[in-house]
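Peer 1: My questions all concern the structure below.
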């Protein structure tokens with residue numbers, strides 16, 4: 001059982017982004033330029049870029065990003081196991097960020113208590 005129809009969602013999302021592109025071409029064009037910039041260096045292969053994209057999509061809670069990059073990850077040859085490992089890194093980083101920011105909160109509380 002799937003949580004949602006990701007293909008349908010992705011198609012509708014892309015149609016809406018196309019509409020936005022007609023209304024604000026520089027905004028969408030700027031995103032497209034930034035999005036494609038990493039691929040031009042050739043240091044990472046497409047599968048690696050998509051695995052990173054999925055980890056970031058999960059941490060930023062972006063359903064559209066999940067939809068687009070899961071499709072691209074599979075097309076680039078990423079396995080479910082590789083995707084799960086990338087997601088494990090995302091989970092660890094989120095927990096790590098919460099740990100670091102918890103220390104910052106305690107520091108701010110100490111500063112406020114002086």
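Peer 1: Measure off 7 Å from each Cα along the Cα-to-Cβ vector at residue 74 and residue 89, then give the distance between these two points in nanometres to one decimal.
Peer 2: About 2.2 nm separates the two model spin labels.
Peer 1: While we're looking at this one, here's another question. Compute the length gained on full extension between residue 41 and residue 8: take 0.36 nm times their separation in residues and subtract their Cα-Cα distance, giving the result in nm to one decimal.
Peer 2: Details: separation 33, 0.36 × 33 = 11.88 nm, distance 3.24 nm.
My answer for the length gained is 8.6 nm.
Peer 1: When the chain is treated as a GNM, springs tying every alpha-carbon pair under 10 Å, which of 82, 19, 46 comes out with the largest mean-square fluctuation?
Peer 2: Maximum among the listed residues: 19.
Peer 1: Of the candidates 28, 56, 89, which one comes out as most mobile in a Gaussian network treatment of the chain with C-alpha springs shorter than 10 Å?
Peer 2: 28
Peer 1: Using Cβ counts within 10 Å as a stand-in for footprinting exposure, how do 3, 99, 20 rank, fewest first?
Peer 2: Least to most surrounded, the residues fall as 3, 99, 20.
Peer 1: Find the percent of Cα-Cα distances in the chain that exceed 18 Å, and round it to a whole number.
Peer 2: Value for the chain: 64 percent of Cα pairs lie more than 18 Å apart.
Here, each number is a calculation from the coordinates, and none is a lab measurement. Small disclaimer: the values here were computed from a predicted structure and weren't measured. Cβ: placed from backbone, ideal geometry, glycine included. Neighbour counts: every protein chain shown.
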